[in-house]
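Visitor: My questions all concern the structure below.
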Amino acid sequence: AQSVSQHNHHVILSEAASLELGCNYSYGGTVNLFWYVQYPGQHLQLLLKYFSGDPLVKGIKGFEAEFIKSKFSFNLRKPSVQWSDTAEYFCAVNAETTDSWGKLQFGAGTQVVVTP
Amino acid sequence: SQTIHQWPATLVQPVGSPLSLECTVEGTSNPNLYWYRQAAGRGLQLLFYSIGIDQISSEVPQNLSASRPQDRQFILSSKKLLLSDSGFYLCAWSPPAGYNSPLHFGNGTRLTVT
């Protein structure tokens, strides 16, 4: 069965610092990759997604992620974080198998706290 | 535009009582519908998904069931709640076709079983 691993459960950093959140998955076939964000008190929102093409994808609010197929990774990055980036971030994968259609496998999430 | 409504936002129920959480989607037809449970430090676990009316697939064995009596209505139920059913439940929808459709989530229901 496919799985998704997020390396850090909690990250604390200062404003203007750079952020990188790791995500690895275990499936050797075609995958579709997503990062979701959940701000305090809000619902889960799509941050960015990768389906095909350029492995470096850009999302909302200055976030980007790079798909490295050889490493089964889809790390999320932001060069300079703001206090408003405090949130929980979830990596999700949809592996294109016959019975996985539409079903996302989520990582455990990373709680990011940005201090002023 | 499409919207998803989920209610109630919070619910406190005694052990052994029944449960009914409702989710409706507007602005789209024949969506795929999902129930997820979110546990702290464990991400989101897919409980049920549906590709059409009365077509429900269960991902994990549990004390819960799901029904889809109408195209854009998805209900999560239990006949007798257990303490272990406490958690944060999320309804989501996606367009009816394709592996690469992102999910759109509702605001969730915080269920506490006492």
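Just so it is clear, none of the values below were taken in a lab; they were calculated from the coordinates. Not measured: the values here are computed from a predicted model. Note that we place each Cβ from the backbone using ideal geometry, even for glycine, and neighbour counts take in every protein chain shown.
Visitor: Failed condition for A:GLY53, given (1) without any contact (Cβ under 8 Å) to a residue 24 or more places away in the chain; (2) under 17 Å from A:TYR25 (Cα atoms); (3) of a type outside the set (Asp, Glu), with all others met?
Guide: Failed condition: (2).
Visitor: Let me ask something additional. For the stretch A:38-93, please list each of the strands (runs of 3 or more DSSP E) lying entirely inside it that holds at least 2 residues being not hydrophobic (A, V, I, L, M, F, W, C).
Guide: Because the criterion is at least 2 residues that are not hydrophobic (A, V, I, L, M, F, W, C), the strands (runs of 3 or more DSSP E) in the stretch A:38-93 that meet it are A:45-50, A:64-68, A:73-78.
Visitor: While we're on this one: Tally time: how many residues in the stretch A:32-84 are farther than 27 Å from B:CYS91 by Cβ and among the aromatic types (Phe, Trp, Tyr)?
Guide: So the count comes out to 3.
Visitor: Name every residue in the stretch A:46-71 that is under 13 Å from the mean Cα position of the chain (by Cα) and crowded, with 16+ Cβ neighbours inside 10 Å, in order of residue number.
Guide: A:LEU46, A:LEU47, A:LEU48, A:LYS49, A:TYR50, A:VAL57, A:GLY59, A:PHE63, A:GLU64, A:ALA65, A:GLU66, A:PHE67
Visitor: Something else now. Which of the residues belonging to the stretch A:1-23 are surrounded by fewer than 16 Cβ atoms within 10 Å (Cβ to Cβ), of a type in the set (A, V, I, L, M) and over 16 Å from A:ASP85 (Cα atoms)?
Guide: A:ALA1
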